[in-house]
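Structure record follows, encoded as structure tokens.
The values are calculated or read from the model by the stated rules, or taken from the named source; none is laboratory data. Since the model is a prediction, treat every value here as computed from it, not as a measurement. Here the Cβ positions follow ideal geometry from the backbone for every residue, glycine too, while neighbour counts run over all protein chains shown. Just the protein is used for accessible areas: all its heavy atoms, side chains included, with ligands, DNA and RNA removed. Shrake-Rupley method; radii C 1.70, N 1.55, O 1.52, S 1.80 Å.
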Amino acid sequence: EAIAEFEASASRTDPVALLEEQALSRVPELVPIRYGRMLASPFAFFRGAALVMAGDLAQTPTSGLRVQACGDAHLSNFGVFASPDRNLVFDVNDFDETLPGPWEWDVKRLTASLAVAGRQRGLTTKQRMAVLLATAAGYRTEMATLAGMRTLDIWYRRTDIRQVLAELKGAGRTVERKRTKAALAKARTKDSLQAFSKLTHEVDGEPRIVSDPPLIVPLRDLTSDIPAQQVTETLHSLLVKYRRSLESDRRHLLEQFRLVDVARKVVGVGSVGTRCWIALLLGRDDVDPLFLQVKEAQESVLERFVGKGAYTHQGERVVAGQRLTQAASDIFLGWVGGVSPIDGQARDFYFRQLRDWKGSADPEAMTPQGLTDYGRVCGSTLATGHARSGDRIAIAAYLGKSVAFDRALATFAERYADQNERDYERLQAAVDEGRVTAKIGL
């Protein structure tokens, strides 16, 4: 009953005011793009409103059991990517908001995202309920399994893509199986070579990142009034500091590449306005590229509600949380802090590969059965991540063996989807009234 309850507090902060407050720490000229992307649909709004939901969840009761929370565990933040041993794995793949917190908050954000996406997809109430119950059951039953496993076995546990495909062999799942196999094949093409062919062109015999403002702007265009030598020295200083956050073998690997070009790149929905960069490095020759993504790490949206974590460096917070939660992490995952070459301000960043067989599901293209299957996999995957950092036995005991938890979580998700629609309309009204500016279609 406690999990099912949700009613927005009368003292609840205006969600648009929260978004405007968050925007103060972001690149001003990019904030309208963020609002424009959030207005694309109620689900797009949900993706960008992690802070709004964190404030709502802070008003709800919890069991008192904490884990390393993702902080933004909506369905689009799950996906496939390459493990260091070059296998495709399925896991949470965004940890910008990670922080120790209540396990319930992640599960509620996941199920609410499926309720919102299900409405957008046109699913009936009965179909959405099947999706939500499967998601909750996936989390509950996986946690029960994990409670009986040895600690080391949990650490090695992964969501095997082959197992997921095998589960789609049942009746009525042929379409989903074909779509999944096609999506996995496409994910395997997404790497530095593909990014190199799409994002670069040759200038004076050297590859350079193509300018496509305002979404991609090379650093040379952003720092035209700063001496090139000064910018170069700042970048190399940051790269050296970043190397120190890697294991020794990975430092050796990175040292075989040289930095060639850097550009600011707008990504996602919730991340729009933070300082996100792509860095092109070359190894043996001009057809041996490595693309790194460098993302600014600001304080987690959970921090004001659950308190500060163990790390003062926000980039290290993201990296530590990801390594603790994921079954396998990017070999170039690392962090750095330093002075920005743009505004001279001290900022925290984390690094990872721009594309490394990454792929995520499109809920718009899923059948009701496909979304149900996907919700179940996301729920069980989230449970595995939580079991690595939290008390899996206590959480499993709290959840129990009945479907009471599943029903309560589904009820909450539908109630929160109602609230999300109201918040979406408030943002639209704020734009119509001229309170905030949105750039649509970028």
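So the values come out like this:
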{"item": "Filter result for Gln194 (over 29 Å from Ala396 (Cβ atoms) and either open to solvent by 20 Å² or more (accessible area, probe 1.4 Å) or assigned to a helix (DSSP H, G or I) (or both))", "result": "yes"}
{"item": "Residues of segment 65-75 classified as in a strand (DSSP E or B), of a type in the set (A, V, I, L, M) and more than 24 Å from Pro42 (Cβ to Cβ), total", "result": "1"}
{"item": "Residue within segment 47-56 that is in contact with a Pro (Cβ under 6 Å, 6 or more places away or on another chain), at pLDDT 95 or above and either among the aromatic types (Phe, Trp, Tyr) or in a helix (DSSP H, G or I) (or both) present", "result": "yes"}
{"item": "Within segment 1-41, considering residues that are part of a helix (DSSP H, G or I) and open to solvent by 40 Å² or more (accessible area, probe 1.4 Å), the one farthest from Pro61 (Cα to Cα)", "result": "Glu29"}
{"item": "Top-ranked residue in segment 56-95 [being among the hydroxyl-bearing types (Ser, Thr, Tyr) and open to solvent by less than 30 Å² (accessible area, probe 1.4 Å); ranked as farthest from Thr111 (Cα to Cα)]", "result": "Ser83"}
{"item": "Those residues of segment 410-436 which are farther than 27 Å from Pro32 by Cβ and over 24 Å from the mean Cα position of the chain (by Cα), in sequence order", "result": "Thr411"}
{"item": "The lone exception for Val301 - which of (1) under 22 Å from Leu199 (Cα atoms); (2) part of a loop (DSSP other than H, G, I, E, B) it fails", "result": "(1)"}
{"item": "Count of residues meeting criterion [open to solvent by 20 Å² or more (accessible area, probe 1.4 Å) and outside any helix (DSSP H, G or I)] in segment 315-328", "result": "1"}
{"item": "Qualifying residue in segment 362-377 (condition: farther than 30 Å from Glu233 by Cα and within 14 Å of the chain's Cα centre (by Cα))", "result": "no"}
{"item": "Helices (runs of 4 or more DSSP H) wholly inside segment 330-442 containing at least 3 residues that are free of Cβ contacts under 8 Å to residues at least 40 places away in the same chain and surrounded by fewer than 22 Cβ atoms within 10 Å (Cβ to Cβ)", "result": "404-432"}
{"item": "Thr312 vs. criteria under 26 Å from Pro28 (Cα atoms), open to solvent by 40 Å² or more (accessible area, probe 1.4 Å) and at pLDDT below 90", "result": "no"}
{"item": "Given (1) touching a residue at least 24 places away in the same chain (Cβ under 8 Å); (2) exposed (fewer than 15 other Cβ atoms within 10 Å of the Cβ), index of the condition Asp204 fails", "result": "(1)"}
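Let's see how each residue does on (1) touching a strand residue (DSSP E or B) at 6+ places or on another chain (Cβ under 6 Å); (2) modelled with pLDDT of 95 or more:
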site: Leu88; (1), (2): yes, no
site: Asp96; (1), (2): no, yes
site: Trp103; (1), (2): yes, yes
site: Arg109; (1), (2): no, yes
site: Ala112; (1), (2): no, yes
site: Arg119; (1), (2): no, yes
site: Thr124; (1), (2): no, yes
